[in-house]
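I have placed the structure first, in the form of structure tokens, so that the comments after it can refer back to it.
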Amino acid sequence: MSDPCLRDYQRIVFFTGAGMSAESGVPTYRGAGGIWKEYDYRRYACQSAFDRDPAAVWEFHNFRRGLVMRCDPNPGHQLIVRAEQQLPQVTIVTQNIDGLHARAGSHKIHELHGNLWRVRCDHCGVKQQDGPVQREQLRCPTCDGWWRPDIVWFEDYLDDAVVQAATAAIAGCDLFVSIGTSAVVYPAAYLPQHAADNGALCVEINPDPTPASELYSVHLRGPATAMLARLAAGVPELLG
Ligand code: OAD
């Protein structure tokens, strides 16, 4: 099958994972140099770790903020911004917490796993957005509870409203493009099935096969930026 072209579709969903930001310099989670190879999530990315030692968990998340702050959106993020501006309906469903889609200028983004720069009080539940800074104030001024990163840690539940919005977009799309996810983290990894069930053309962008590869009828084996450019071939205004 020849490469599909983004211009030929009316309702496109980009479903992104850590590989989307890899060319920006943000480490992925698994594979060589992956975050979970170096840091044990049981010490840094679950509620029980936070209950035991919130300061250590914050040190890890401030470190991750620092990593992402040094990175910029890459040409793949920017191509998706232009697609949103110039094609009928483009939605991003992302597992990434790095905020790079928004920094690039995309607007319709469902962040399944939260955002590294949003915090929520562990006690009263109030949320707050931080600028691109390290968080130093760790206690909620209203109730003195601990601020925790408003991201989905291991064993946390996803936000229902976000999952519903993402599912609706995916179930209604005619082109579904998965980019840079290992497809092993659930429930996010269930979502692409909705696109396939509803007859969307499903494209997987990833240098390597994944456990979900069979779901996809088109496999673009290579880095996100170059493979997105292939999908935009013939549409110079998307290539920038
Ligand atoms: P992973 O680190 O599990 O997988 C990254 C995927 O990106 C792999 O399949 C790589 O082959 C691929 N990849 C690497 N470089 C790429 C590139 N330049 N272009 C395209 N693909 C590339 O990341 P996720 O699947 O996003 O959850 O991980 C899912 C969730 O697991 C994350 O959201 C995070 C983590 O635990 C939470 O923090 C809740």
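Just going by the charge dipole of segment 105-240, with Lys and Arg at +1 and Asp and Glu at -1 on Cβ, which of 112, 225, 170 is farthest out on the positive end?
225
Run through the DSSP bridge list for segment 112-232 and note the antiparallel percent, rounded to the nearest 5.
Here the antiparallel bridges make up roughly 50 percent for segment 112-232.
Using the Cβ atoms and a cut-off under 12 Å, what net charge is assigned to the surroundings of residue 106, where Lys and Arg are +1 and Asp and Glu are -1?
+1
Let's test the formula: R0 of 35 Å, r as the Cβ-Cβ distance of residue 226 and residue 158. What FRET efficiency results, to the nearest 0.05?
Efficiency for this residue pair is about 0.70.
Compute the semi-axes of the equivalent ellipsoid of segment 138-196, taking the square root of 5 times each eigenvalue of the Cα gyration tensor, and list them largest first in whole Å.
Sorted largest first and rounded, they come to 31, 13, 9 Å.
Please express the Cα-Cα pair-distance distribution P(r) of the chain as a list of whole percents, one per 5 Å bin, running from 0 to the bin with the greatest distance.
Distribution as computed: 1, 6, 14, 19, 19, 16, 11, 7, 4, 2, 0, 0 percent.
In the neighborhood of residue 220, defined by Cβ-to-Cβ distances under 14 Å, what is the net charge if each Lys or Arg adds +1 and each Asp or Glu adds -1?
Once positives and negatives cancel, what remains is -1.
Using amide H atoms built in the peptide plane, which far-off residues or other-chain residues are under 5 Å from residue 89 H to H?
12
Please report, in cubic angstrom per residue, the volume enclosed by the convex hull of the alpha-carbon atoms of segment 21-94.
Taking the convex hull of the Cα positions in segment 21-94, it is 114 Å³ per residue.
At q = 0.10, 0.13, 0.22 Å⁻¹, what base-10 log of I(q)/I(0) does the Debye formula yield for segment 106-240 when every alpha carbon is treated as an equal point scatterer in vacuo?
The calculated log intensity ratios at q = 0.10, 0.13, 0.22 Å⁻¹ are -0.46, -0.72, -1.31.
Would you mind working out the magnitude of the charge dipole of segment 71-121 relative to its Cα centre, with +1 at each Lys and Arg C-beta and -1 at each Asp and Glu C-beta, to the nearest 20 Debye?
Rounded to the nearest 20 debye, it is 120 debye.
Can you compute the equivalent ellipsoid semi-axes for segment 174-240, i.e. the square root of 5 times each eigenvalue of the Cα gyration tensor, sorted largest first and rounded to whole Å?
In descending order, the three semi-axes are 22, 14, 9 Å.
What is the distance, in nm, between label points placed 7 Å from the Cα along the Cα-to-Cβ direction at residue 174 and at residue 53?
Taking the simple label geometry, residue 174 and residue 53 are separated by 5.4 nm.
In nm, to one decimal, how far is the modelled label at residue 213 from the one at residue 137, with both set 7 Å along Cα→Cβ?
Roughly 5.0 nm, to one decimal.
If you filter segment 144-240 for GluC sites (Glu not before Pro), then keep DSSP loop positions with at most 13 other Cβ within 10 Å, what is left?
Answer in residue order: 155.
Please work out the average accessible area per residue across segment 28-96, using the 1.4 Å probe convention, and give it in Å².
I get 47 Å² per residue for this part.
For a quick size check, give me the Cα extents of segment 53-164 along its three principal axes, largest first, whole Å.
Principal-axis extents of segment 53-164 (Cα, largest first): 47, 32, 25 Å.
List every residue whose amide H lies under 5 Å from the amide H of residue 130, counting only residues 5 or more places away in sequence or on a different chain, with H placed 1.01 Å from N in the peptide plane.
118, 119
Can you list the residues, at least 5 places off or on another chain, whose amide H is less than 5 Å from the amide H of residue 114, using H built in the peptide plane?
It is 152, by chain and number.
For segment 102-186, what size does the Cα cloud have along each of its three principal axes, sorted from largest down, in whole Å?
Extents along the principal axes, in whole Å: 47, 28, 22.
Would you mind working out the magnitude of the charge dipole of the chain relative to its Cα centre, with +1 at each Lys and Arg C-beta and -1 at each Asp and Glu C-beta, to the nearest 20 Debye?
Dipole about the Cα centre, nearest 20: 380 debye.
The values are calculated or read from the model by the stated rules, or taken from the named source; none is laboratory data. Predicted model, so just to flag it, every value in this text is computed and none were measured. Reconstructed Cβ throughout: ideal geometry from the backbone, glycine too, with neighbour counts over all protein chains shown. Heavy atoms of the whole protein, side chains included, go into the accessibility calculation; ligands, DNA and RNA do not. Shrake-Rupley method; radii C 1.70, N 1.55, O 1.52, S 1.80 Å.
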